[in-house]
Amino acid sequence: MGQRLSGMTEGIISIEDPRSPEVRAILERHLAFANAHSPREDVHALDVDGLVDPRIAFFGLRVNGTLVAVGALKELDPHHAELKSMHTIEEVRRRGLGAQMLEHLIGLAGTRGFQRLSLETGSMQAFAPARSLYATAGFESCGPFGQYVESSYSTFMTLSLAAGA
């Protein structure tokens, strides 16, 4: 796969079905990563069943037709959404594809009228690249939101989408 995708820095983002075999394969990698670096009770990644929730818009990013990244937007309430299931396969990381997916999801949240976009990610070193990506996009640290509780294994971040922010 690496050879065919080498040199590509931009993909095509579209709605994906979390139940498809390609998506399931990436979600398995996502859950394996989360479970390898977080205690079981602090793994908040959604499985396929969690991603077919009607409040979730789920997207995939393809390069040359190959699914290489996923991300989702979950409505928490009419003004607040959450980023979920952001994952780029290891073979194509550091090429800007995660940033492309993040930009898409931020734009979608704004288009849908959300005023705030939040996320939970790990606080361990393995999650440092994700935290850096979010901070570069303007996300700032915040406290737990929604159903989350304070944990030393979690980092909570939020981005104001309000007009003029």
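The values are calculated or read from the model by the stated rules, or taken from the named source; none is laboratory data. These figures come from a predicted structure and were not determined experimentally. Here the Cβ is made from the backbone with ideal geometry for all residues, glycine too, and neighbour counts use every protein chain on show. Note: accessible area is taken over every heavy atom of the protein model, side chains too, but ligands, DNA and RNA are not part of it. Shrake-Rupley method; radii C 1.70, N 1.55, O 1.52, S 1.80 Å.
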> Within segment 13-25, can one find any residue that is open to solvent by 10 Å² or more (accessible area, probe 1.4 Å), among the hydroxyl-bearing types (S, T, Y), at pLDDT below 90 and in contact with a Gly (Cβ under 7 Å, 6 or more places away or on another chain)?
Replying inline: no
>> Test of understanding: among V63, V70, which residue is closer than 13 Å to S14 by Cα and either under 11 Å from the mean Cα position of the chain (by Cα) or not hydrophobic (A, V, I, L, M, F, W, C) (or both)?
In response: V70
> Which residues, counting only those in segment 111-125, are among the charged types (D, E, K, R) and open to solvent by 40 Å² or more (accessible area, probe 1.4 Å)?
Replying inline: R112, R116
>> Can you report the number of residues in segment 143-155 which are of a type in the set (A, V, I, L, M, F, W, C) and either open to solvent by 40 Å² or more (accessible area, probe 1.4 Å) or in contact with a Cys (Cβ under 9 Å, 6 or more places away or on another chain) (or both)?
In response: 1
> Restricting to segment 52-73, what's the tally of residues that are surrounded by fewer than 21 Cβ atoms within 10 Å (Cβ to Cβ), small (G, A, S) and on the phi < 0 side of the Ramachandran plot?
Replying inline: 1
>> Being crowded, with 19+ Cβ neighbours inside 10 Å and either of a type in the set (A, V, I, L, M) or in a loop (DSSP other than H, G, I, E, B) (or both) is true for just one of L83, L76. Which residue is that?
In response: L83
>> Please go through segment 112-127 and give me each residue that is more than 17 Å from the chain's Cα centre (by Cα) and of a type in the set (S, T, N, Q), ordered by number.
In response: Q115, Q125
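Would you say A128 is in a helix (DSSP H, G or I) and crowded, with 22+ Cβ neighbours inside 10 Å?
Against the criterion (in a helix (DSSP H, G or I) and crowded, with 22+ Cβ neighbours inside 10 Å), A128 does not qualify.
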> Looking at segment 86-99, which of its residues are crowded, with 21+ Cβ neighbours inside 10 Å, without any contact (Cβ under 8 Å) to a residue 60 or more places away in the chain and not in a strand (DSSP E or B)?
Replying inline: G98
> Do we have E140 as of a type outside the set (K, R) and closer than 26 Å to A25 by Cβ here?
Replying inline: no
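Looking at segment 128-158, which of the residues that are among the hydrophobic types (A, V, I, L, M, F, W, C) and more than 16 Å from the chain's Cα centre (by Cα) is modelled with the highest pLDDT?
Step by step, filter segment 128-158, then rank; the result is C142.
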> In segment 58-117, which residues are modelled with pLDDT of 95 or more, in contact with a Pro (Cβ under 9 Å, 6 or more places away or on another chain) and among the small types (G, A, S)?
Replying inline: A72, G113
>> Residues to consider are L108, L133; find the one that is touching a Gly at 6+ places or on another chain (Cβ under 8 Å), in contact (Cβ under 8 Å) with a residue 24 or more places away in the chain, part of a helix (DSSP H, G or I) and surrounded by 16 or more Cβ atoms within 10 Å (Cβ to Cβ).
In response: L133
